[in-house]
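Worksheet: the structure to be examined is printed underneath.
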Amino acid sequence: MDYCIMCIGKIKDSFYRERILNVCREINRRKNQVEIIEFADEKIPDRINEKGRNLILEKEGKPILEKIGKKDYVIALCVEGKEITTKQHINIVMDAAERGYGRITYLIGGSLGLSEAVKRAANQRISFSKMTFPHQLMRMVLCEEIQHITNYL
């Protein structure tokens, strides 16, 4: 199974960037491949109303929706998603493979999250925690989780 992480924004901190690259290299040494696709984040004004928030989310979500492939099993990482264990995550990946999906694609939004259109495009919504984490840390944790899954499978 191949994996893709589509995310809004770039990793700025070298610690996170290096750790993510090292974990991805390790995954890619096996029969699995992991790709990270970064999309530009929009500048968020200090004062923003609901309409402005939705416009930013739609603008950030458009390139994500254009990149999702027909053979992608899409998992949106969002606060309202279901919290799962690693074992449940492994079962999701195995089930997607059995159903003929060629790639697991994870979606990580920007500071405002993901648009409703992007969340609707997902096969599943998951949450790693009810707490809020910096996107850099979340991406690193997701890469570590994917590495664990590939070690198991």
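Odds and ends about this structure:
- For the chain, DSSP calls about 5 percent of its internal beta bridges antiparallel.
- Cα centroid of the stretch 118-153 to Cα centroid of the stretch 89-106, whole Å: 14 Å
- Angle in degrees between helix 14-28 and the longest Cα principal axis of the chain, rounded to the nearest 10: 40 degrees
- Computed from Cα atoms, the angle from the helix 50-67 axis to the main principal axis of the chain rounds to 30 degrees.
- For the stretch 1-120: relative contact order, % (alpha-carbon pairs under 8 angstrom, 6 or more apart): 39 percent
- Accessible surface computed residue by residue for the stretch 53-153, with neighbouring protein chains in place and a 1.4 Å probe, gives 51 Å² per residue.
- Each eigenvalue of the Cα gyration tensor of the stretch 1-65, multiplied by 5 and square-rooted, gives one semi-axis; in descending order these are 31, 15, 6 Å.
- Comparing Ile75, Ile84, Ile104 in a Gaussian network model of the chain, where Cα atoms under 10 Å apart are tied by springs, the biggest mean-square fluctuation is seen for Ile84.
- Candidates Lys70, Lys62, Lys51: whichever shows maximal mean-square fluctuation once the chain is modelled as a Gaussian network with Cα springs under 10 Å: Lys51
- The tail of the calculated P(r) for the chain, taken as Cα-Cα distances beyond 19 Å, holds 53 percent of the pairs.
- What the Cα convex hull of the stretch 47-87 gives, in volume per residue, is 108 Å³.
- From the C-alpha gyration tensor of the stretch 91-153, square roots of 5λ in Å: 22, 17, 9
- Amide H contacts under 5 Å for Ile104: Asp2, Tyr3, Cys4, Tyr73, restricted to partners 5 or more places along the chain or on a different chain, H placed in the peptide plane at 1.01 Å from N.
- Surface share of carbon and sulfur [accessible, 1.4 angstrom probe, percent] for the stretch 1-102: 49 percent
- Given charges at beta-carbon only (K, R positive; D, E negative), |dipole| of the chain in Debye: 160 debye
- Cross-link table Lys31/Lys82; Lys71/Lys119; Lys10/Lys87; Lys67/Lys130; Lys10/Lys82, entries beyond 22 Å C-alpha to C-alpha: Lys31/Lys82; Lys10/Lys87; Lys67/Lys130; Lys10/Lys82
- Debye equation applied to the C-alpha atoms of the stretch 77-117, log10 I(q)/I(0) at 0.17, 0.21, 0.22, 0.28 Å⁻¹: -0.60, -0.83, -0.87, -1.02
- Dipole magnitude of the stretch 89-153 about its Cα centre (Cβ charges: Lys, Arg +1; Asp, Glu -1), debye to nearest 20: 220 debye
The values are calculated or read from the model by the stated rules, or taken from the named source; none is laboratory data. From a predicted model like this one, the values you see are computed outputs, not experimental measurements. Here Cβ is always computed from backbone atoms with ideal geometry, including for glycine, and neighbour counts include all displayed protein chains. For the accessible areas, the whole protein counts, side chains as well, though only heavy atoms, and no ligand, DNA or RNA atoms are used. Shrake-Rupley method; radii C 1.70, N 1.55, O 1.52, S 1.80 Å.
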